[in-house]
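Have a look at the structure below, then the notes.
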Amino acid sequence: MTRQPKRAWWVRAWLALLILACSQTLWAQQQAPDFTAKIADLTTSSFSKRAKAIEAVVALDDERVLPVLEALLEGDLYYRKSDDRVVIAVDAESGYRITDVISGEDLGAVGKRDVKKIATNNRMRKNLRVQIAAYKLVNKNPDVRRTAAGDLIKTPSPEFLPILQKAIANEEEPAVREALKVARAVILLDSDQEVDRLQAIKDMDGYPNKYTLAMLKQLVRQNDDGSYNEPSELVREEAIAVLKGLEAQETWYKFVEDLFFGLSAGSVLLLAAVGLAITFGVMGVINMAHGEMIMLGAYTTYVVQLLMPNLIEASLIVAIPAAFVVSGLMGIIIERTVIRHLYGRPLETLLATFGISLILQQLVRTIFSPLNRSVITPDWMSGSLQVNGFLSLTYNRLYIIVFALLVLFGLMLLLKRSFFGLQMRAVTQNRAMASSMGIRTGWVDAMTFGLGSGIAGIAGVALSQLTNVGPNLGQSYIIDSFLVVVFGGVGSLWGTFVAAMGLGVANKFVEPMAGAVLAKILILVFIILFIQRRPRGLFAIKGRFVEG
Amino acid sequence: MKMIPKHIPQHILYVDGVTKSFDGFKALNDLSFTVKPGELRAIIGPNGAGKTTMMDVITGKLKPDVGDVFFRDSVDLTKHDEAEIANMGIGRKFQKPTVIESLTVFQNLELALSGNRGVFKSLFHKLSGEQRTQIDEVIELVGLTEKRQELGGALSHGQKQWLEIGMLLNQDPDLLLVDEPAAGMTDHETELTAKLLRDISGEHSVVVVEHDMEFIKALDCPVTVLHEGYVLAEGTLEQVQADDKVIEVYLGR
Amino acid sequence: MTSQARLAWLQSDVGGKRVLAIILAVIIVLPLLNLLVPPDSVFHVSSYTIGLLGKYLCYALLALAVDLIWGYCGILSLGHGAFFALGGYAMGMYLMRQIGERGVYGHPVLPDFMVFLNWDALPWYWYGFDNFYFAMLMVLVAPGLLAFVFGWLAFRSRVTGVYLSIITQAMTYALMLAFFRNDMGFGGNNGLTDFKDILGFSLQADTTKVGLFVASGVALILGYLLCRYVVSSKLGRVLISIRDAESRSRFIGYRVEHFKLFVFVLSAVLAGVAGALYVPQVGIINPGEFSPINSIEIIVWVALGGRGFLYGAIIGAVLVNYGKTFFTGAFPEVWLFMLGGLFVVSTLFLPQGVVGIVQQWKDKRAEQKAHAQGKTGEAVP
């Protein structure tokens, strides 16, 4: 008995939802023919009728409206002569490739004569610009509204004033409101009312934007004849005050940007060096072919992209494990055939692995040609993240930083937490003891070396996105990598991290002062001197056992 | 040639309140002891008691965190490096015998011969007849006459120990620090080594670090027991063996 | 003391004497065959061959310099190409100044590249290089000074082993980057070239080429004798003791850093001389000479020839470079495989190089002989 009312409640709720859903669909279906009809009206041959038709389309509340308006403005909107279907056309090999604006259906390629452009005149275009901006300014997504405001700042024009006023009044999101106000301000700066200009400058205060900065600079500049572009001293003073704040902001964001560049350069160093921190730092093997392990990783990326030309977006994801395996296997082969026989003879190891690096370079040169290969950057890696008007961060560098940190922490976890990590540390600290406890030290050596080499391969995947992929790719990183590991303190992953980031950032900040090459030389000299001061690096492992 | 005037000092070695730590681990902890001129002294202690660290501090390889180390009453050893200290007259034999493997026994001893150690002096150096005689005497003393022209690397473990002791003698130091000289030697050799060290004490001061109790007994000299970086007990071998603290440390609680 | 006893350091060096004799023969006979025998004769030696062998002799001197520090003192320098290049640049600067008005721009003082860069005065560090003797002094001083400063810093703070190797490599790398810059005033990318004459003799003339060839041979012989004297002295034995047991040497009382510094500077100066003789024979010096791979290639010459045998370094340098000339001409693809393979093979299977193998084989034969002769026991010293 107690169940009965409960079930009834559920049923009622279901019914209510069902009805709501139906009514939504019905509403949409009602709207749809409206859109279809209004769009069809655009094909009229009369400019005045077309202007009205545009007004009618603008009045619609439909997400398909915006692309139509934009296409119209750009002159990409056509209708098919055969059936008067309105389409968006993009240039194709012989003619256009057209898309139905109503259904979004791809209608394939057509000849240039099969379609007719829906032409616009100046007035319509002017109106369209305003309408498009207005349309975006009422978008539900605040990011779209903000971007629209940002676009308006770049193209100030009095006709936007009314829609901006309206948008500011309705806007609830403070950040968007601020952007809208600045968009209004850049228009009002041309006003003949001193009050308006003063208000405009006040609105610009503290909003990071290169255009407003330039405008204000222009405003307070003294012309050759001693006059100012801005006649009112009051406004000028205000402008100077605001300008000061903006410039301080700009300097700060420039600093942040440099720091970002430095960190991303540091991340590249970190990726290149972290594998070496294993082979050299933990095992004490001087692997001069480490750079070639990186190179192999980069070439693996190239090959992966060749194998899956239609899945470029996913190619990097596939390339990471592939590069790890390729470089890791090569590492294991090198360890088993050569390095194994040279333990305890670091100088000989250095020479033998240098020889291997020459062989690998020539191998790649023979297989792939000595020319650089081009590795494609997927879309999600290109472009940049616009933080504000002063600061934008490119995605590839952003991902590299994140990726380098992931690799580092993954490796730290592996060493500290896994059983393999435990065996590895046991073998490197006391080989004889580890061996007597039943650890297969030879196997651990090979696996450790494979791990370090595999990570170098992963670094190669990342580097393929930043630099040219050629046979000499690895060479340019080997000296840097060794310096990072030595500088950070051999055997300390944490030290490698700090050293890589420190050097990356230092290089970026020395560069503007000294030029790129000189900066590099200065850093090299610094490290040479540093190593001589503290031969065991920044984060030296202290104690009585290190002397060996 | 010696930098230090040859008057008789009160202490040949004076170690006072020396502490040396590695990452919080105190290898030496307020260590104090003295050695008189001509004295033979044995130092014993379990592993990790700080014996090797003590030698490193005396010979300038490590600098103490706090504490004084004086040689011949007046020379502050913490202010000098290994080569300077060696030239002042402190010789050291390592725990692991270290001879120059690709030089002959004779050449090893030639290098150790006291005299000018400068670069250009070495370039134009010629052995005098007197020096040859001295080297031959030492070779005979350490029983390597047969091996005179053999490479250091070709010697047995015990022979290397002897060669290293011979090199020490050739250096003619005031103070000899000898780390585990009996390791890897036969009983007979051990006995001979003990006799040799007894013989050279008097003219030289000798500090011997050793594990082997038979050897210590054969040395027949005062014993210092180190434990966790400080002096646990001092006295004759019988005295320290009877000491409660020493028994506790060696036998556990 | 008899003269025989005074020369004991050379007397015992059988292999060295043979190699010196060969070099001596080569620098006497080949010039005669080049200058006196008519070109159509079978016995004529072309100027090309003379130039090539002259290059090998310079490389051999460079290898000797590296073997002195690596073979005898355990210092593996991966930056010795830098000293070679510095010596070469010092010579190049002299040769540049000799061009005078004969340059493309015809400027009486400034070398072409400076005119091209719109410089109006000679940088201060180019002063004096028009004087041959000053330039030759700089051939010694420039690498020597760099080695002294670098070595002083490194050895004093006890940077050893692979750490030292890596920072020497970084040193030559940094110098390479620096010399690539135009505003360093050493001709940037293109380096120094288009030389005309040396001491008034045209570099194109066969006699000048032969002269430089003979000079290289003489420098190599003198360099060998100098190195041989050093390693046979007590100082040489101190070097070996530093190589085998550095801290032992310290505790005996040798100032290890002073010995290392001495031999490092000596070696750098020898490398500089090699570079100075090399440049007029090949007609160019550019920053590529500083590249790390050049320095590391020297190591394989020494390793293959026989580390720790001075004449082994000479043999190795000639062998590897002959191989390089041959293979880069005949099978350019194969050369890097070969070179890489040489590194691996010489470290894995020939720890003492070709000379070591021969030595071992001889020792074995001597042993067998002694065995065959009976129970003489210790007859073979």
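Would you mind giving the mean number of other chain beta-carbons within 10 Å of the Cβ of each residue in C:19-30, as a whole number?
Mean shielding by partner chains, rounded to a whole number: 0.
Per residue of region A:136-152, in order, report the coupling 6.51 cos²θ - 1.76 cosθ + 1.60 (Karplus, θ = phi - 60°) as ³J(HN,Hα) in whole Hz, putting x for Gly and Pro.
Rounded to whole hertz, the list is 5, 5, 9, 4, 5, 7, x, 5, 5, 4, 5, 4, 4, 4, x, 5, 5.
Under the definition of partner shielding as Cβ atoms of other protein chains within 10 Å of a residue Cβ, what is the mean value for peptide A:478-490?
Shielding by partners across A:478-490 averages 3.
Averaged per residue, what accessible area in Å² does region A:262-478 show with a 1.4 Å probe, protein chains only?
Accessible area per residue: 39 Å².
May I ask you to order A:355-367, A:79-91 by the average number of other C-beta atoms within 10 Å around their residues, highest value first?
In descending order of packing, they fall as A:355-367, A:79-91.
At 7 Å along the Cα-to-beta-carbon direction for both C:D40 and B:Q149, put a label point, then send me their distance in nm to one decimal.
The modelled label-to-label distance comes out at 6.1 nm.
Based on the inverse mean of 1/r over its pairs of different Cα atoms, what is the Kirkwood hydrodynamic radius of region B:100-154, in Å?
Taking the inverse mean of 1/r over all distinct Cα pairs, region B:100-154 comes out at 11.8 Å.
Under the rule a/c < 1.5 gives rounded, and otherwise a/b versus b/c splits prolate from oblate, where does region C:1-78 land using the Cα gyration tensor?
It is oblate, given that a/c is not under 1.5 and a/b is not larger than b/c.
How would A:R97, A:R197, C:R97 line up by accessible area, probe 1.4 Å, largest first?
Final ranking, largest accessible area leading: A:R97, C:R97, A:R197.
Counting DSSP beta bridges with both partners in the protein assembly as shown, what percentage is antiparallel, nearest 5?
Of all bridge pairs located within the protein assembly as shown, approximately 70 percent are antiparallel.
Would you mind computing, in nm to one decimal, how far apart the modelled labels at A:M433 and A:I367 are, each placed 7 Å from Cα along Cα→Cβ?
4.2
At 37 °C and 0.692 mPa s, what whole-number value in µm²/s does Stokes-Einstein give for the translational diffusion of chain C, with Rh from the Kirkwood sum over Cα pairs?
148
By how many nm would the segment from A:A92 to A:F255 grow when fully extended, if each residue of separation counts as 0.36 nm and the alpha-carbon distance is taken off?
Stretched fully, the A:A92-A:F255 segment lengthens by 54.2 nm.
Just counting partner chain Cβ atoms within 10 Å, what average do the residues of peptide C:333-345 show around their Cβ?
Taking all residues of C:333-345 together, the mean is 6.
Would you kindly find the accessible area of A:F324, with a 1.4 Å probe and non-protein molecules such as ligands, DNA and RNA excluded, rounding to the nearest 10 Å²?
Roughly 70 Å² of A:F324 is accessible to a 1.4 Å probe.
Provide the net charge surrounding A:M501, with neighbours chosen by a C-beta distance below 15 Å and charges set as Lys +1, Arg +1, Asp -1, Glu -1.
Surrounding charge for A:M501 is 0.
Find out how many positive minus negative residues lie around A:A119, taking Lys and Arg as positive, Asp and Glu as negative, among other residues whose Cβ is under 11 Å from that of A:A119.
+4
Please list B:K93, C:K369 in order of solvent-accessible area, largest first, computed with a 1.4 Å probe with all protein chains present.
Listed by decreasing accessible area, they come as C:K369, B:K93.
Over chain A, with every protein chain in place, what whole percent of the accessible area is carbon and sulfur at 1.4 Å, could you tell me?
59
Rounded to the nearest 0.05, what FRET efficiency do C:Y127 and C:E333 give with R0 = 56 Å and r taken as the Cβ-Cβ distance? Could you check?
FRET efficiency, C:Y127 to C:E333: 0.75.
Compute the FRET efficiency between B:E137 and C:A8 as 1/(1 + (r/R0)^6), taking r as their Cβ-Cβ distance and R0 = 22 Å, and round to the nearest 0.05.
0.40
Report the net charge of residues surrounding C:A21, where surrounding means a beta-carbon distance below 15 angstrom and charges are Lys +1, Arg +1, Asp -1, Glu -1.
+2
Rolling a 1.4 angstrom probe over the protein chains, ignoring ligands and nucleic acids, what is the accessible area of C:M138 in square angstrom, nearest 10?
40
Per residue of chain A, what 222 nm ellipticity follows from adding -39500 (n - 2.57) for every DSSP H run with n ≥ 4, rounded to the nearest 500?
Taking each H run of at least 4 residues, the total per residue is -22500 deg cm²/dmol.
Gaussian network model of chain C, Cα springs within a sub-10 Å range: biggest mean-square fluctuation belongs to which of C:F134, C:F195, C:F150?
C:F134
Write down the Kirkwood hydrodynamic radius of chain A, to one decimal in angstroms, obtained as one divided by the mean of 1/r over all alpha carbon pairs.
Across chain A, the inverse of the average 1/r is 29.1 Å.
Per 10 Å bin, what percent of the C-alpha pairs of the protein assembly as shown does each bin hold, from zero upward?
Answer for the protein assembly as shown: a P(r) of 2, 7, 12, 15, 16, 14, 11, 8, 6, 5, 3, 1, 0 percent.
In terms of solvent-accessible area of protein heavy atoms at a 1.4 angstrom probe, what is the ranking of A:R123, B:R92, B:R148, C:R365, highest value first?
Ranked from most to least accessible, the order is A:R123, C:R365, B:R148, B:R92.
Compute the separation of the alpha-carbon centres of region A:459-509 and region C:8-61 and state it in Å as a whole number.
47
Along Cα→Cβ, 7 Å out, is where each label goes; now give me the distance between the ones at B:F22 and C:S202 in nm to one decimal.
7.1
Tell me, what is the 1.4 Å probe accessible area of A:I523, in Å² to the nearest 10?
In the full protein context, A:I523 sits at about 30 Å².
The values are calculated or read from the model by the stated rules, or taken from the named source; none is laboratory data. Given the structure is predicted, the values throughout are model-derived calculations rather than measurements. When we count neighbours, we look across all protein chains shown, and the Cβ atoms used for this are built from the backbone with ideal geometry, even at glycine. Just the protein is used for accessible areas: all its heavy atoms, side chains included, with ligands, DNA and RNA removed. Shrake-Rupley method; radii C 1.70, N 1.55, O 1.52, S 1.80 Å.
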